[in-house]
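What follows is one structure encoded as structure tokens, with my remarks underneath.
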Amino acid sequence: MTARVTRAEYCVVACAEAWRGAGEIVASPMGLIPSAGARLARLTFAPELMLTDGEALLVGPDGTVEGWLPYRQHLALVTGGRRHVMMGASQIDRYGNQNISCIGDWARPSRQLLGVRGAPVNTLNNPTSYWIPKHSRRVFVEKVDMVCGVGYDRAGGARHHRLARVVTNLGVLDFETPDRSMRLVSLHPGVTVDAVREATGFALTVPNEVPATREPTAEELRLIREVVDPRGARAREVAD
């Protein structure tokens with residue numbers, strides 16, 4: 001008998017969906033569950049997807065070397081829309097502005113985080129999605145303390161700027177609204193609209209009917225459990 005699908009496995013599939021129909025582009029997932037999602041996508045519905053070792057090699061889902069990605073070529077991909085990044089966020093607002101740098105006034109922050117790093121370039125030059133393992137008002141804020149990843153209200157029509165989706169432990173969100181503010185797209189099993197609203201520090205756009213996040217197929221579930229993450233590390237990031 002197949003064990004029930006866990007919340008973490010729904011999250012893996014929801015992250016994988018970010019790369020559906022992407023074509024031959026580089027996937028840059030940051031984090032355990034986004035990485036599992038990218039590998040799952042490559043193994044199933046996105047066979048053209050290119051995965052990297054984070055340094056200079058193109059690799060297959062099992063780590064087998066498939067090609068060489070020199071730094072100059074990487075820069076061309078990064079600035080030309082041929083990469084889809086899935087980053088984390090310490091804060092994110094209704095328009096997708098992301099903060100990973102500091103909490104509080106940047107001149108005298110109460111907490112120093114990663115720093116701005118590549119977030120502005122990522123968001124202005126590539127399709128970008130976000131993975132947030134704990135959906136809360138501390139993360140989903142009315143205004144971020146510092147803009148690192150650029151949201152729709154600040155992008156100024158940048159050619160390759162596109163925020164595809166936000167995946168959390170509660171559901172999936174996107175920005176497909178007239179004013180490009182955040183919208184609830186689907187709920188993971190056992191999660192209610194009220195729970196998402198309560199965990200969000202701004203008013204979300206919520207359709208009259210919010211579907212459930214799609215369930216993994218039997219083959220996707222086998223791949224997650226036997227190939228992509230046989231040791232079950234995903235459960236350490238999202239528990240039921």
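The values are calculated or read from the model by the stated rules, or taken from the named source; none is laboratory data. Owing to the predicted nature of the structure, the values given are computational and were not obtained by experimental measurement. Because the Cβ atoms are built from the backbone with ideal geometry, glycine has one as well, and the counts that use them run over all protein chains shown. Note: accessible area is taken over every heavy atom of the protein model, side chains too, but ligands, DNA and RNA are not part of it. Shrake-Rupley method; radii C 1.70, N 1.55, O 1.52, S 1.80 Å.
Restricting attention to the range 95-112, the residues being closer than 28 Å to GLY157 by Cβ and open to solvent by 50 Å² or more (accessible area, probe 1.4 Å) number 2. Residues that are touching a helix residue (DSSP H, G or I) at 6+ places or on another chain (Cβ under 7 Å), at pLDDT 95 or above, among the basic types (Lys, Arg) and under 15 Å from TYR10 (Cβ atoms) do not occur anywhere in the range 222-231.
Counting only strands (runs of 3 or more DSSP E) that fall entirely inside the range 113-211 and contain at least 2 residues that are open to solvent by 20 Å² or more (accessible area, probe 1.4 Å), the qualifying elements are 162-168, 183-187.
Please find, within the range 212-229, the residue that is surrounded by the fewest Cβ atoms within 10 Å (Cβ to Cβ) out of those that are of a type in the set (Val, Ile, Thr) and assigned to a helix (DSSP H, G or I).
Selected residue: VAL227.
Evaluating VAL147 against the criteria (1) at negative phi; (2) touching a residue at least 60 places away in the same chain (Cβ under 8 Å) leaves one unmet condition, (2). Step by step: first the residues of the range 100-124, then only those that are within 16 Å of the chain's Cα centre (by Cα) and polar (S, T, N, Q), then the one that is modelled with the lowest pLDDT. Which residue is that? Ranking the candidates gives ASN122 first. From the list SER28, SER35, the lone residue that is surrounded by 13 or more Cβ atoms within 10 Å (Cβ to Cβ), of a type in the set (Ser, Thr, Tyr), under 12 Å from the mean Cα position of the chain (by Cα) and in a strand (DSSP E or B) is SER28. Inside the range 64-93, can you point out the residues that are farther than 18 Å from PRO29 by Cβ, open to solvent by less than 50 Å² (accessible area, probe 1.4 Å) and in contact (Cβ under 8 Å) with a residue 40 or more places away in the chain? Correct list: GLY80, GLN91, ASP93.
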